[in-house]
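The block underneath contains the structure these notes are about, expressed in structure tokens.
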Amino acid sequence: MPLKEEEAAMPMDRETQLRLVNLRDDTGVLSLYVNADPKQVGSQPPWKNRLEKGVKLLLESVDGSTRSALDRRLHDLELEIEQLVRPGSPGIGRALFVPLSNGETFHVEMQTPLTDRVAFAPRSHIAPMFAAWAEGSPCGIAVVDGRGMRILDSRFGQCEEISGLAFELATEEWREFAGPATQRSAWGKKEGQSSSSQRDLFDFRIAEHLARFLAAAHTTLEAHVAAFGWEFLVLTGEPELVESASKALSNSLKTEVVASQLVLSHATPAQIEHALAPEMIQARRHRDERLAADFAEAPPKAALGSTAVLEALQGGRVDRLLLKNDSVWSGHRIPAGSVLADGIVPGDPDLATAVAEARLGEQMIELALGTDASVSILSDDAQMSEKAEGIGAFLRW
């Protein structure tokens, strides 16, 4: 994908994370977020009103040269900003990232809610996006039935079918098992007396081959996990088929396998995602609880609190960064519609602290991704040590 993104939204994957985290511009990067909630009504979209007020406040607050550069870029971006706030545009959560000194723009859209915000700094503001990442992170779905396997990618409220494996079986050599029911055998019996057992054997052979086929699909599933960065792989269908598809998956698979008994063979991708949503939410909750429990047992291979974690990140010792979703790093304590810019000093001390810690969190995410560490945003239910204050890390050494 080329660096310049003016038409299509960026795919929500690790590459996008890296690009946006590393997005810098000495003149400044403008980060625009809107939450286009269809339940909100008004003469014009309320998120558009908040965005316009935020941009106006930003222009009034920066110095003359920066104001001129911002004004020019905003004029050039009229069509893209209109697309960002239009009610009928794709996505509930939308973001636009604009480096001022060149013609690049980076557009993100997702069905997961974001927050209305205008930010301007030498680097992109990515805290709202990473907070949303915790709720809609990439997940694979494999739907199994007698015809084979459908493979789907689900992320941020959007689901699409990406590939599949068709089960085809040549049964010519088995035709004798389903022979004419009225022929007599050499023993004088009608063949129909044994046709039921022959049909059972025929069906058993098909089921046996289907089980082997689904078991052999593990290489395809493992390749998809690596290519799409799935945090979970949900296998759904009849229990015996799900078991066949999952038992050969590698123990070294870097994702959690979730078995579901929902039969969704003929459902659309949107219907499949909706039906599996409760199980995916539960799987994320269980994962976060396990990570928090493992973290509590990890010392001395763990760092607690922002100071210790930042030191470990700077030394390249972090294997996985943990950030609580309800901690101040995420910017949840920054009111919707707030304007964050170097030239604007928040009058509320609590807001100033929240802004500073959100920027610290973004710096930590950048350092983690830059050293190939994982980043996990834990749900509100995950119980971390009080000493961690919502920030921790598993260490490599």
Test: residue in segment 293-303 that is assigned to a helix (DSSP H, G or I), closer than 25 Å to D13 by Cβ and in contact with a helix residue (DSSP H, G or I) (Cβ under 9 Å, 6 or more places away or on another chain): no
Selected residue (only one of A270, A211, A216, A248 is open to solvent by 20 Å² or more (accessible area, probe 1.4 Å) and at pLDDT below 90): A248
Contacts under 6 angstrom Cβ, first residue in segment 85-107 being farther than 15 Å from R72 by Cα, partner open to solvent by 40 Å² or more (accessible area, probe 1.4 Å) and in a loop (DSSP other than H, G, I, E, B), 6 or more apart: I92/Q111; I92/P113; G93/P113
Answer residue from segment 339-376, given it is modelled with pLDDT of 85 or more and hydroxyl-bearing (S, T, Y) and is surrounded by the fewest Cβ atoms within 10 Å (Cβ to Cβ) among those: S374
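Looking at segment 151-160, is at least one residue out of contact with any Pro (no Cβ under 6 Å at 6 or more places or on another chain), over 30 Å from P46 (Cα atoms), at pLDDT 90 or above and in a strand (DSSP E or B)?
Yes, the conditions are met somewhere in segment 151-160.
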Flag if A312 is surrounded by 20 or more Cβ atoms within 10 Å (Cβ to Cβ) and either touching a residue at least 60 places away in the same chain (Cβ under 8 Å) or β-branched (V, I, T) (or both): yes
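For every residue, the table says whether it meets (1) open to solvent by 30 Å² or more (accessible area, probe 1.4 Å); (2) closer than 19 Å to P99 by Cα.
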position	(1), (2)
L30	no, yes
V34	no, yes
P46	no, no
N49	yes, no
K53	yes, no
K56	yes, yes
L59	yes, yes
G64	yes, yes
R67	yes, yes
Selected residue (criterion: nearest to I92 (Cα to Cα)) from residues of segment 11-28 that are under 26 Å from the mean Cα position of the chain (by Cα) and buried (at least 18 other Cβ atoms within 10 Å of the Cβ): M12
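Applying the selection to segment 117-139, what residues are crowded, with 24+ Cβ neighbours inside 10 Å and not in a helix (DSSP H, G or I)? Talk me through it step by step, then tell me what you get.
Pass one, segment 117-139, residues crowded, with 24+ Cβ neighbours inside 10 Å: 117-120, 124-129, 132, 139.
Answer for segment 117-139, where residues must be crowded, with 24+ Cβ neighbours inside 10 Å and not in a helix (DSSP H, G or I): R117, V118, A119, F120, S124, H125, I126, C139.
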Criterion violated by P335 - all others in (1) modelled with pLDDT of 85 or more; (2) over 22 Å from the mean Cα position of the chain (by Cα); (3) of a type outside the set (A, V, I, L, M, F, W, C); (4) closer than 14 Å to A127 by Cβ satisfied: (1)
Residue identified as more than 26 Å from the chain's Cα centre (by Cα) and at pLDDT below 90 among G54, G42: G42
Every pair of residues 6+ apart whose Cβ atoms lie under 7 Å, when the first sits in segment 247-266 and is under 26 Å from L291 (Cβ atoms) while the second is of a type in the set (D, E) and open to solvent by less than 90 Å² (accessible area, probe 1.4 Å): L249/E222; S250/E222; L253/E222; T255/E231; V258/E279; S260/E279
Residues satisfying the stated conditions in segment 98-120, i.e. of a type in the set (A, V, I, L, M) and under 18 Å from the mean Cα position of the chain (by Cα): V108, M110, L114
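To keep it simple, each residue is scored yes or no on (1) touching a residue at least 12 places away in the same chain (Cβ under 8 Å); (2) part of a strand (DSSP E or B).
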{"position": "A352", "(1), (2)": "no, no"}
{"position": "V355", "(1), (2)": "yes, no"}
{"position": "L360", "(1), (2)": "yes, no"}
{"position": "L369", "(1), (2)": "yes, no"}
{"position": "V375", "(1), (2)": "yes, yes"}
{"position": "D380", "(1), (2)": "yes, no"}
Meets criteria (open to solvent by less than 50 Å² (accessible area, probe 1.4 Å), modelled with pLDDT under 85 and touching a strand residue (DSSP E or B) at 6+ places or on another chain (Cβ under 9 Å)) for G192: no
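The values are calculated or read from the model by the stated rules, or taken from the named source; none is laboratory data. Because the structure is predicted, anything quoted here is derived from the model rather than measured. Cβ: placed from backbone, ideal geometry, glycine included. Neighbour counts: every protein chain shown. The accessibility values were calculated without ligands, DNA or RNA, using every heavy atom of the protein model including side chains. Shrake-Rupley method; radii C 1.70, N 1.55, O 1.52, S 1.80 Å.
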